[in-house]
């Protein structure tokens, strides 16, 4: 055992340098240990993943796009459907579909990304019944008077109307913010509430 009190200043300095050198070597050796290297790899992976999600990961939204509404609209095209209308409710969070079967039975269905399809059923005025002949005649007259499609600026304002004219399936696209009177008359004939379409009357 060396008594440091008996050492000169230079000898004490040399011993301190040796001790520091050993400590540095021990520290560097620990940095090269498998356990430390593995922990470092995990930390670097976590940083890379965080940066990727921050700058490159797509935003997750519960809103539908125009393309998704069109796809849903087309999925409801069945042989027994006479008229089909699709649109958004509450911005683009809910995709709504109202249709009338060829036997005159009305039906409605809403879709959301969180809950899928829900709320299917007859509109209140015709629950469990078919549309009277007079209303079906008004519906057919409204279909015959529909104008050509409009350009829709905002996805939330899109209104899709499709119908079977006896020989082919037709589709028109309208802008709810500047809806043609004929298309508005059709929506009333299908019994879509104005509040769902954002109209006051």
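What follows draws every value from the coordinates through simple rules; no lab data is involved. Everything numeric here is computed off the predicted structure, so don't read it as measured data. Neighbour counts are summed over all protein chains in view; Cβ atoms, including those assigned to glycine, are modelled from backbone coordinates with ideal geometry.
Structural remarks
- The label-point distance for residue 182 and residue 65, in a model that sets each label 7 Å from Cα toward Cβ, rounds to 3.2 nm.
- Per-residue packing, averaged as other Cβ atoms within 10 Å, sorts the ranges 186-196, 164-174 into the order 186-196, 164-174, beginning with the highest.
- Descending principal axes extents, the stretch 123-201, alpha-carbon based, whole Å: 37, 32, 18
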